[in-house]
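J.: Can you read through this structure? Questions will come right after.
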Amino acid sequence: MNKHIEEAMTIRNEQPMVCNCAQTIMRVYAKELGLSPEQAEKLGSNFGGGMKCGGTCGVITSGLLVLGGKGIESPAKIGEFRRRIAENHDGMTDCKLLLKANAERGGNKKEHCDGMIREAITLIDELVGESEK
């Protein structure tokens, strides 16, 4: 398994669970971005729950923060990140809609969010890897 995903799942399984999806992604990449885990957690604090109002999913907003921190600013690459997540979820990118669709399928919220985190990390690492070539 990807080292970033392993770290994310360790964070998500802390008891009590204190990190939202955005904070988890930020913490995973903290050291690489020159941040302390505490700084990264604070940066992601207002993006969980779709910016705390059901808007854009925190894995997308934190993913964009990480990509920017890694020097990926190309509109095409940023668009690809968002588009690929949307394509995997029937075009949805808002937390409220993603969670509603998951609930309608009988899904568990934590498992859904953990899956979204794994998906975003996979894409982040892929896009970063491509840019380093």
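Values in this text are rule-based calculations from the coordinates and carry no lab data. Treat the numbers as computed from the prediction; the structure is a model and nothing was measured. A quick note on method: Cβ atoms are made from the backbone with ideal geometry, for glycine too, and the neighbour counts reach across all protein chains shown.
J.: Out of the residues in segment 9-23 that are touching a residue at least 24 places away in the same chain (Cβ under 8 Å) and not in a helix (DSSP H, G or I), state the one that is surrounded by the most Cβ atoms within 10 Å (Cβ to Cβ). Spell out how you get there, then give the answer.
T.: Keep residues of segment 9-23 that are touching a residue at least 24 places away in the same chain (Cβ under 8 Å), which gives 9, 12, 17, 19-23.
Narrowing the set further to residues that are not in a helix (DSSP H, G or I) leaves 17, 19-20.
Working: MET17: 11, CYS19: 22, ASN20: 24.
Once the filter is applied, the top-ranked residue is ASN20.
J.: Now for a different question. Any chance you could count how many residues in segment 106-133 are among the small types (Gly, Ala, Ser) and either touching a strand residue (DSSP E or B) at 6+ places or on another chain (Cβ under 6 Å) or not in a helix (DSSP H, G or I) (or both)?
T.: First pass over segment 106-133, keeping only residues among the small types (Gly, Ala, Ser): 106-107, 115, 120, 129, 131.
If we keep only those that are either touching a strand residue (DSSP E or B) at 6+ places or on another chain (Cβ under 6 Å) or not in a helix (DSSP H, G or I) (or both) as well, we get 106-107.
Selection size over segment 106-133: 2.
J.: Here's something else I'd like to know. For segment 63-105, what are the residues that are in contact (Cβ under 8 Å) with a residue 40 or more places away in the chain, among the small types (Gly, Ala, Ser) and assigned to a loop (DSSP other than H, G, I, E, B)?
T.: If the condition is that a residue be in contact (Cβ under 8 Å) with a residue 40 or more places away in the chain, among the small types (Gly, Ala, Ser) and assigned to a loop (DSSP other than H, G, I, E, B), then GLY71 is the only one that fits.
J.: In contact with a helix residue (DSSP H, G or I) (Cβ under 6 Å, 6 or more places away or on another chain) and closer than 20 Å to TYR29 by Cα: does that describe ILE117?
T.: Details: in contact with a helix residue (DSSP H, G or I) (Cβ under 6 Å, 6 or more places away or on another chain): yes; closer than 20 Å to TYR29 by Cα: yes.
So ILE117 passes the test.
J.: Taking the condition of being part of a loop (DSSP other than H, G, I, E, B), free of Cβ contacts under 8 Å to residues at least 40 places away in the same chain and crowded, with 17+ Cβ neighbours inside 10 Å, how many residues in segment 44-62 meet it?
T.: So in segment 44-62, the residues part of a loop (DSSP other than H, G, I, E, B) come out as 45-47, 55, 57.
Restricting the remaining residues to those that are free of Cβ contacts under 8 Å to residues at least 40 places away in the same chain gives 45-47.
If we keep only those that are crowded, with 17+ Cβ neighbours inside 10 Å too, we end up with 47.
Residues that pass the stated criteria total 1.
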